[in-house]
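What follows is one structure encoded as structure tokens, with my remarks underneath.
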Amino acid sequence: MRQMMSLGGFVFSLSEGTPYEGLQRTSDGGWVTVPRYGQKPISQNTGQQLENINITGTWFRGEGMANMGKLRALQAKREPLVLTDGYGSNLGLWTIKRLQEKQDRIIDDGTAFILGFTIDLEEYAGESSS
């Protein structure tokens, strides 16, 4: 099975019906601008902030709702999760900061025919992180 990414055992994969459509990764250089009286501000590096990943996509029917349920169960564990890319590279530990879903085309039993989702991940930094 080919996978796009894995988060704590949840596999994003086209063949599994759990693909994502977009990924945006944000990293900070640690630079801040400090104002100074009567002169230009000075740039200082106060240390890099934690990285963030935003994943978006669309799933369909009951399977999509079940997939979101699995992600919410992972989020409810309230622990850092291993993130692995499609090449098998370990990207370290990440936390699920936010899950957002938008249900559309609801059928008579309450199932969403279309489920749009956004997952916000934040790099985990424990006591020994640099």
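The values are calculated or read from the model by the stated rules, or taken from the named source; none is laboratory data. Being a predicted model, the structure only gives us computed values, none of them experimental. Because the Cβ atoms are built from the backbone with ideal geometry, glycine has one as well, and the counts that use them run over all protein chains shown. Quick note on the areas: whole protein, heavy atoms, side chains included, nothing else; ligands and nucleic acids left out. Shrake-Rupley method; radii C 1.70, N 1.55, O 1.52, S 1.80 Å.
Brief remarks on what is shown
- Vicinal HN-Hα couplings computed from phi for segment 7-13 (Karplus, 6.51 cos²θ - 1.76 cosθ + 1.60; Hz; Gly/Pro x): 10, x, x, 7, 9, 8, 7
- Ligands, DNA and RNA left out, the 1.4 Å accessible surface of the chain is 48% carbon and sulfur atoms.
- Folded to 0 to 90 degrees: helix 61-76 orientation relative to the chain principal axis, Cα: 40
- Kirkwood hydrodynamic radius (C-alpha pairs) into Stokes-Einstein, the chain, 20 °C and 1.002 mPa s, D in µm²/s: 128
- Once the Cβ-Cβ distance of R78 and Q103 is raised to the sixth power relative to R0 = 22 Å, the FRET efficiency obtained is 0.35.
- Accessible surface, per residue, of the chain when the full set of protein chains is kept, probe 1.4 Å, Å²: 66
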